[in-house]
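For reference, the structure discussed in these notes is given below.
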Amino acid sequence: LGLKKTGNSFTLVVPSSPSILRSVTSTSCVELARSFGWAVELRPVCFVRFFRLFFFLSSLIVSSKIPYLELPHFTEILAAGTAAMVVPIRSITRRSTDDVFNFAVDGPGEGCQRLSKALLAAQKGVTPNEGDWLWPVMADD
C-alpha cells in the first residue's frame, strides 16, 4: 500500500491483480481510508521488488503497478497482513541501479499510525461499525 500526503489528507494507492489475494486487512484499510475522506486508487500490477520492513518482518515480495519513477513521490509505503495488520516499509532498494527510497526511517508515519489505530479499534469493537464489513459473533441462546 502506498500513501501520498497532500495537505492534511492522504491518497491510498492499492495494488490490484488476480495474482494478489484481496486480504481482509487491505480491504479494511481501503474502507477506513475512505471513511477518513482519503482518496483511494486501485492499480494493476507491473513490477516485483523486495521491500524491507521496518519492524519484525525481514523481507516481503510485493507487486504493484506503481511506475518506478513515482516511488519518490510516496510519503509512506505499508505492508498489510492478518498477523502484522499494517506495518511501515523502511526502504525500497533497487540494487541494479543502487537506488534507495527511504520512507519510515523514524518509525511509522502519520498515515500508518492513523490506519493502524483505526483498524485495531474496529477489530476490538471500540469504535462504531460504520461500514458493513465487521459483524459480531455470538453464541446461540
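Just to check your reading of the model, which residue among V137, V86 is over 21 Å from S9 (Cα atoms) and not in a helix (DSSP H, G or I)?
Values: V86 fails: over 21 Å from S9 (Cα atoms).
Matching residue, one of V137, V86: V137.
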> In the range 104-130, how many are part of a loop (DSSP other than H, G, I, E, B) and either modelled with pLDDT of 90 or more or of a type in the set (D, E) (or both)?
Replying inline: 4
> Name the residues in the range 109-121 that are in contact (Cβ under 8 Å) with a residue 40 or more places away in the chain and open to solvent by less than 80 Å² (accessible area, probe 1.4 Å), would you?
Replying inline: G109, G111, C112, L115, A118, L119
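This table checks each residue for (1) touching a Leu at 6+ places or on another chain (Cβ under 8 Å); (2) modelled with pLDDT under 85; (3) surrounded by 13 or more Cβ atoms within 10 Å (Cβ to Cβ).
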{"site": "K4", "(1), (2), (3)": "no, no, yes"}
{"site": "S19", "(1), (2), (3)": "no, yes, no"}
{"site": "S26", "(1), (2), (3)": "yes, yes, yes"}
{"site": "E31", "(1), (2), (3)": "no, no, yes"}
{"site": "L57", "(1), (2), (3)": "no, yes, yes"}
{"site": "L60", "(1), (2), (3)": "yes, yes, yes"}
{"site": "F74", "(1), (2), (3)": "yes, no, yes"}
> Looking at the range 85-108, which of its residues are touching a Ser or Thr at 6+ places or on another chain (Cβ under 8 Å) and open to solvent by 20 Å² or more (accessible area, probe 1.4 Å)?
Replying inline: M85, D99, V100, F101, N102, F103, V105, P108
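The values are calculated or read from the model by the stated rules, or taken from the named source; none is laboratory data. Please read these numbers as outputs of a predicted model, since none were measured by experiment. Note: ideal-geometry Cβ built from the backbone for every residue, glycine included; neighbour counts use all protein chains shown. In case anyone asks, the SASA skips ligands and DNA or RNA and just uses the protein heavy atoms, side chains included. Shrake-Rupley method; radii C 1.70, N 1.55, O 1.52, S 1.80 Å.
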